[in-house]
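The values are calculated or read from the model by the stated rules, or taken from the named source; none is laboratory data. As the structure is a prediction and not an experimental result, all values here were calculated from the model. So basically every Cβ, Gly included, is an ideal-geometry build from the backbone, and we count neighbours across all protein chains shown. Just the protein is used for accessible areas: all its heavy atoms, side chains included, with ligands, DNA and RNA removed. Shrake-Rupley method; radii C 1.70, N 1.55, O 1.52, S 1.80 Å.
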Amino acid sequence: MEALATPEMIAKYEPVIGLEVHVQLATNTKIFCGCPTGFGAAPNSNVCPVCLGLPGALPVLNRQAVELAIEASLALNCTVNSKSIFARKNYFYPDLPKGYQISQFDQPLAEHGFVEVSVRGETKRIGVTRVHMEDDAGKSLHEGFKDSDRYTYVDLNRSGTPLIEIVSEPDIRTSDEAHAYLTEIKQVMQYLGVSTCDMEKGQLRCDANVSVRLKGAEKFGTKAEVKNLNSFRFLKMALDHEIARQVALLESGGRVVQETRLYDPDADETISMRSKESAHDYRYFPEPDLAPLRISEVWMARIRERMPELPASRRQRFIESYGLREYDAHVLTATRPMSEYFEAVVAASGDARAAANWVMGDLAALLKQEGKEIEDSPIAAERLGQLVKLIGEGKINGKLAKDIFPKMVETGDDPDTIMRREGLTAISDEGALGKIIDEVIAANPKQVEQYKSGKQQVIGFLVGQAMKASRGQADPATMNRMLKDKL
Amino acid sequence: MRISEADIRRVAELANLALTEDEVARMAQDMDGILQHIDKLSELDTTGVEPMAQVLFDAEETATLREDRERAPLSNADAVANAAVTSGGYYKVPKVIER
């Protein structure tokens, strides 16, 4: 493994990073044929003459793929071009049966967008150069078969799956910004339903162009392209590694070579795949089998109209109309189901802050424990809202609510029913509370003596005893006050 | 000559073609002739004419799109029928090494 730069060396440099993100569009069928796009089918069973690249087969563009791509482009603040053109990108590889990828080159679907990310409290705008549509290649399996030393196995089910490629400007300066950018893209795509963005299924993939330059320098350094950044953790690790590698090269008097490098997460290093200078010349030319894609204002307006509220504006709205802290707003808008659940709890309870605390606290803990997503929550949002409302109305206190909560999971009953059935209503009647306090004082003469002789902290013990005697139905603050008065 | 033998070798490499020396010389001749012929087109004045990628240019916006509806794919047997080597439903190719 080559030497990496020290933090002091790295501090002298500024990384310049641009990301290329591939997103699989959530269509039923492939981009140019009617084969299903499902994951996990038997090998080479979702294929037809078009996606197998058989001679004479002709591609026909999927309308839904176009609409999803337009939604994605609009959400990334891009200008959608009224006319875009498909082009052939020519290269040879066994999982590319046509011998070319159908992509877009000099006239892409959309351009000039941006994404806003927030890193350590600072908001930064990262430019989106372009969004274009293309078809995916098939899958090559190099390992795992008994004759894998001699053969590569090819499954073309994925061939022709619709993708968009989102290319960023070289505006990213740290691995944290890259992480935030990819997170934002994933969130936006999921909110829109444009993609499920499951990285394990290859529905969200990321390559990075990385260079470094001395701080203050204007000229960009020579960049390397790093591939295989297919998890959020790998993205950060690979970028940090690549930055350190380049700085070490420059610091030792070497130079960065323009090339493609593959990230190996096991070794935490990047390996040179091929030198870009000689290997590739894609000889793009307009795809003669597809007409230019024309998108009218009317069509675009129709798509714009049906788009949901996006995470950034939902976050802002949560902060402004619910008085949430920025961090909480981030957590509660992380996914669309999460934000919808939260809003349903607010609607049922009328208390946004308390709703936020319950969703991010007890509910989150419950989901984590059961390994469930919020859309499969064992407690419906309306029920949780009722619980929060009972607290707000003073019918139960926080302690009782925490007892009722697991019973809601267990029985599936609503909190009101459980409260009544178990007699778990809060005792607010001062007469009843006074009786409990008298009993506690009588039962603990030693502690009462200690308190009276100045040992103030004993009050905690006495409140605890009183709470226990009330079966948690009393309000501890009231208990505390009444005990002090009495003593 | 508008095209060199080095150009021919490069294009052949990209197209995965192995050409003999004789073929390289002949291809250079042929392609040069083709390019000269194409040059004829450049003599036309195309000022104000939008570059055209496709003759279907004036089709309605939706005319060339299909609905997102599934069509039955080929059977696996049919899909791999023409392949030289297969196994377990996969195509098998000689071990791929990235160029």
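In region A:76-128, of all residues being closer than 24 Å to residue A:299 by Cβ and of a type in the set (Ser, Thr, Tyr), the one that is surrounded by the fewest Cβ atoms within 10 Å (Cβ to Cβ) corresponds to A:79. Just so you know, in region A:310-338 the residues that are touching a residue at least 40 places away in the same chain (Cβ under 8 Å) and farther than 20 Å from residue A:364 by Cβ include one that is most open to solvent (accessible area, probe 1.4 Å), and it is A:312.
Taken over region A:78-112, the residue count meeting the criterion of being closer than 25 Å to residue A:126 by Cα and among the hydroxyl-bearing types (Ser, Thr, Tyr) is 4.
If I go through region A:311-325 residue by residue, how many of them are touching a helix residue (DSSP H, G or I) at 6+ places or on another chain (Cβ under 6 Å) and closer than 23 Å to residue A:76 by Cα? Walk me through how you get there before you give the answer.
From region A:311-325, those touching a helix residue (DSSP H, G or I) at 6+ places or on another chain (Cβ under 6 Å) are A:311, A:314-315, A:318-319, A:322, A:324; that's our starting set.
Remaining after also requiring closer than 23 Å to residue A:76 by Cα: A:311, A:314-315, A:318-319.
So the answer is 5.
Would you be able to say whether some residue in region A:48-59 is open to solvent by less than 20 Å² (accessible area, probe 1.4 Å) and more than 10 Å from chain B (Cβ to nearest Cβ)? Scanning region A:48-59, I find no residue that is open to solvent by less than 20 Å² (accessible area, probe 1.4 Å) and more than 10 Å from chain B (Cβ to nearest Cβ), so the answer is no. List the number of the failed condition for residue A:483; all other conditions in (1) at pLDDT below 75; (2) more than 44 Å from the chain's Cα centre (by Cα) hold. Result: residue A:483 passes all but (1).
Restrict the check to region B:11-33 and report whether at least one residue is at the interface with another protein chain (Cβ under 9 Å from one of its Cβ atoms) and exposed (fewer than 14 other Cβ atoms within 10 Å of the Cβ). It would help to see each step written out before you state the result.
If we filter region B:11-33 for residues that are at the interface with another protein chain (Cβ under 9 Å from one of its Cβ atoms), which is where we start, we get B:11, B:14-16.
With the extra rule that they be exposed (fewer than 14 other Cβ atoms within 10 Å of the Cβ), the set shrinks to B:15-16.
Looking for residues that are at the interface with another protein chain (Cβ under 9 Å from one of its Cβ atoms) and exposed (fewer than 14 other Cβ atoms within 10 Å of the Cβ), one finds at least one in region B:11-33, hence yes.
Of all residue pairs spaced 6 or more apart or on separate chains, those with beta-carbon atoms under 8 Å, a first member in region A:269-292 that is modelled with pLDDT of 80 or more and a second member that is assigned to a helix (DSSP H, G or I) and open to solvent by less than 60 Å² (accessible area, probe 1.4 Å) are A:269/A:241; A:269/A:245; A:270/A:238; A:270/A:241; A:270/A:242; A:270/A:245; A:281/B:14; A:283/B:14.
Filter the helices (runs of 4 or more DSSP H) completely within region A:366-463 down to those with at least 1 residues that are at pLDDT 80 or above and polar (S, T, N, Q).
Details: elements: A:381-392, A:398-411, A:415-421, A:430-443, A:445-452.
Fully inside region A:366-463 and qualifying: A:381-392, A:398-411, A:445-452.
When the residues of region B:46-76 are filtered to those that are at pLDDT 90 or above and open to solvent by 70 Å² or more (accessible area, probe 1.4 Å), which remaining residue is farthest from the other protein chains (Cβ to nearest Cβ)? Filtering region B:46-76 for residues that are at pLDDT 90 or above and open to solvent by 70 Å² or more (accessible area, probe 1.4 Å), the one farthest from the other protein chains (Cβ to nearest Cβ) comes out as B:72.
Only one of these is touching a helix residue (DSSP H, G or I) at 6+ places or on another chain (Cβ under 8 Å), open to solvent by 90 Å² or more (accessible area, probe 1.4 Å) and in the same structural domain as residue A:333 (by TED's automatic domain parsing): A:439, A:373. Name it.
Numbers: A:439 fails: in the same structural domain as residue A:333 (by TED's automatic domain parsing).
Residue meeting the stated conditions: A:373.
Here residue B:42 meets each of (1) more than 9 Å from chain A (Cβ to nearest Cβ); (2) modelled with pLDDT of 90 or more; (3) open to solvent by 70 Å² or more (accessible area, probe 1.4 Å) with one exception, condition (2). Kindly establish whether residue A:286 is more than 23 Å from residue A:128 (Cβ to Cβ) and more than 31 Å from the chain's Cα centre (by Cα). Answer is yes for this residue.
Applying the condition of being open to solvent by 30 Å² or more (accessible area, probe 1.4 Å) and small (Gly, Ala, Ser) to region A:1-44 and asking which residue is nearest to the other protein chains (Cβ to nearest Cβ) yields A:42. If you go through region A:283-300 one residue at a time, do you hit one that is open to solvent by 70 Å² or more (accessible area, probe 1.4 Å), closer than 30 Å to residue A:12 by Cα and within 14 Å of chain B (Cβ to nearest Cβ)? So far as region A:283-300 goes, no, none of its residues is open to solvent by 70 Å² or more (accessible area, probe 1.4 Å), closer than 30 Å to residue A:12 by Cα and within 14 Å of chain B (Cβ to nearest Cβ).
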